[in-house]
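Novice: This is the structure I want to talk about, given as structure tokens.
The values are calculated or read from the model by the stated rules, or taken from the named source; none is laboratory data. Keep in mind that what you see is a predicted model, and the values were worked out from it rather than measured. No Cβ is skipped: glycine too gets one built from the backbone with ideal geometry, and neighbour counts run over all protein chains shown. Heavy atoms of the whole protein, side chains included, go into the accessibility calculation; ligands, DNA and RNA do not. Shrake-Rupley method; radii C 1.70, N 1.55, O 1.52, S 1.80 Å.
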Amino acid sequence: MRFAVAATAVTALVAVSGTAATAAAEDRNGNPRVGVQSTAAGVLLTGDWNGDGIDTAGWFNWETGTWYLKNANTTGFPDLAFNFGDSHEIGDPVVGDWDGNGTDTIGLVRGGTWLLRNSNSTGAADLAFGYGDADPGGFPIGYPVTGDWDGNGTDTPGLRRDNVWLLRNSNSSGGADGTFTYGDQFETGYPVVGDWNGDGYDTIGLVRAGTWLLRNSNFSGGADVAFSYGAPLPEHWPVPGDWDNNNTDTAGVANATTWYFRNSNTSGVAEIVFDF
């Protein structure tokens, strides 16, 4: 693990200060696995781990199946460290509030099987169900995403396959409740999910080479919000969240050590910077 001990001031738009980009892990088709920063840093992710209304940083180490979560967006060591997953885990990590209690917890998607936990601790999955399919290598076909698609306070599964999004409103086996296209055929943008306008519904977006293209509804159409923030993958990985407890998710990016968060979905300088 690498935890830097001091954050540096950022005077330009999420300028990277000497951090070399590392090669991303790839799936069997040569595409970056969803959420991967590098084999050294693991998967970068965010969530409201303690239910205080503010999303904070975390990461998952694929090699050991270990989760490291922080409860404040400040430089320092993790507040929680625990195992959920196998060594050399083949599942993709996911985060969401699966039981509607106001706290985000963790999960894994192994092929077409979702294994979700209702507490951030070691233990067996509290929810296990099939949604989607596995490719011959055991990876999910498509990118797993999660969100509160129907505004009921509970996060549920979704998949993005090329430019087709398939969203489900319950944590159970079954078909998609909402299917639509967003993005280009052979889409290369990174999928993101958040409540961009504070209406209580999570909606989708894409980040292409530092350009954020966000939709305020889960239907086909053009971007409702478009702006530049961060460097292209793999130098910066998109990690959106609600950093100021205003019930609106905004842009964030991270590299192997430093996280840069912005409190509005506009171009500009990072308002929160820390190392983890």
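Novice: What is the dipole size for the chain, taken about its Cα centre, with +1 at each Lys and Arg Cβ and -1 at each Asp and Glu Cβ, in debye to the nearest 20?
Specialist: Dipole of the chain, to the nearest 20 debye: 620 debye.
Novice: Here's another thing I want to ask about it. Amide H of D195: which non-local residues (sequence gap of 5 or more, or other chain) have their own amide H closer than 5 Å, using H built in the peptide plane?
Specialist: Distant-sequence amide H within range of D195: T203, D249.
Novice: For labels at S228 and S173 in the simple 7 Å Cα→Cβ model, what's the distance in nm?
Specialist: The two pseudo-label positions are separated by 4.8 nm.
Novice: Give me the 1.4 Å probe accessible area per residue for the range 197-276, excluding ligands and nucleic acids, in Å².
Specialist: 34 Å²
Novice: Continuing with this model, one more query. How large is the Kirkwood hydrodynamic radius of the range 110-260, in angstrom, based on all distinct alpha carbon pairs?
Specialist: Values: mean 1/r = 0.0616 Å⁻¹.
Radius from the Kirkwood sum: 16.2 Å.
Novice: Same structure again: For the chain, what does the relative contact order come out to in percent, with C-alpha contacts under 8 Å and a separation of six or more?
Specialist: 17 percent.
Novice: May I pose another question? Please state, rounded to one decimal and in Å, the Kirkwood hydrodynamic radius that the range 182-276 gives when every pair of distinct Cα atoms enters the mean of 1/r.
Specialist: Here the Kirkwood hydrodynamic radius works out to 13.4 Å.
Novice: With labels modelled as points extended 7 Å from the Cα through the Cβ direction, what inter-label distance (nm, one decimal) is found for F186 paired with A124?
Specialist: The two pseudo-label positions are separated by 4.6 nm.
Novice: Using modelled amide H (1.01 Å from N, peptide plane; none on Pro or chain starts), what sits under 5 Å from the amide H of F227, excluding residues fewer than 5 places away?
Specialist: The answer is W212.
Novice: Hey, what do the phi angles of the range 154-160 turn into as Karplus ³J(HN,Hα) couplings, whole Hz, using 6.51/-1.76/1.60 and θ = phi - 60°, x for Gly and Pro?
Specialist: Ordered by residue, 3J(HN,Hα) equals 10, 8, 9, x, x, 9, 10 Hz.
Novice: In whole angstrom, how long is each semi-axis of the equivalent ellipsoid of the range 44-130, when you take the square root of 5 times every eigenvalue of its Cα gyration tensor and sort them from largest down?
Specialist: 20, 16, 10
Novice: Let me know the charge dipole size of the range 75-222 about its Cα centre in debye, to the nearest 20, where only the beta-carbon of Lys, Arg (+1) and Asp, Glu (-1) is charged. Don't jump to the answer; show the numbers that get you there.
Specialist: Details: 7 positive and 20 negative charges, 57 e Å.
So the dipole magnitude of the range 75-222 works out to roughly 280 debye.
Novice: Ok, one more. Taking amide hydrogens as modeled 1.01 Å from N in the peptide plane, which residues meet the under 5 Å criterion relative to L80, leaving out close sequence neighbours?
Specialist: L69
Novice: Putting +1 on Lys and Arg Cβ atoms and -1 on Asp and Glu Cβ atoms, find which of G96, N61, A72 reaches farthest to the positive end of the dipole of the range 42-111.
Specialist: Result: N61, furthest along the dipole toward the positive end.
Novice: Tell me, what are the semi-axes, in whole angstrom and largest first, of the equivalent ellipsoid of the chain as set by the roots of 5 times the Cα gyration tensor eigenvalues?
Specialist: Whole-Å semi-axes of the equivalent ellipsoid: 25, 22, 19.
Novice: Further question: State, to one decimal in nm, how far the label point of S87 lies from the label point of N247, with both points 7 Å from Cα in the Cβ direction.
Specialist: 4.7 nm
Novice: When the Karplus curve 6.51 cos²θ - 1.76 cosθ + 1.60 is applied with θ = phi - 60°, which whole-Hz ³J(HN,Hα) does each residue of the range 263-272 get, with x for Gly and Pro?
Specialist: Once θ is set to phi - 60°, the couplings for the range 263-272 become 8, 9, 8, 9, 5, x, 8, 4, 8, 10 Hz.
Novice: Could you tell me the center-to-center distance, by alpha carbons, between the range 89-105 and the range 226-276 in angstrom?
Specialist: 20 Å
Novice: How large is ³J(HN,Hα) for each residue in the range 190-199, as worked out from phi by the Karplus curve 6.51 cos²θ - 1.76 cosθ + 1.60 (θ = phi - 60°), to whole Hz, x for Gly and Pro?
Specialist: 8, x, 9, 9, x, 8, 6, 10, x, 8
Novice: Around L214, what is the net charge, scoring Lys/Arg as +1 and Asp/Glu as -1 over all other residues with Cβ under 10 Å from its Cβ?
Specialist: Details: positive: R215; negative: D224, D249.
The answer is -1.
Novice: Okay, next question. Please name which of P240, G147, V273 has its Cα lying farthest along the dipole of the chain towards the positive end, using unit charges on Cβ (Lys, Arg +1; Asp, Glu -1) and the Cα centre as origin.
Specialist: Going by the Cα projections, it comes out as V273.
Novice: Related question: Just the number, please: carbon plus sulfur as a percent of the accessible area of the chain, 1.4 Å probe, no ligands or DNA/RNA counted. Working shown, then result.
Specialist: Working: 5320 of 10810 Å².
Roughly 49 percent of what the probe reaches on the chain is carbon or sulfur.
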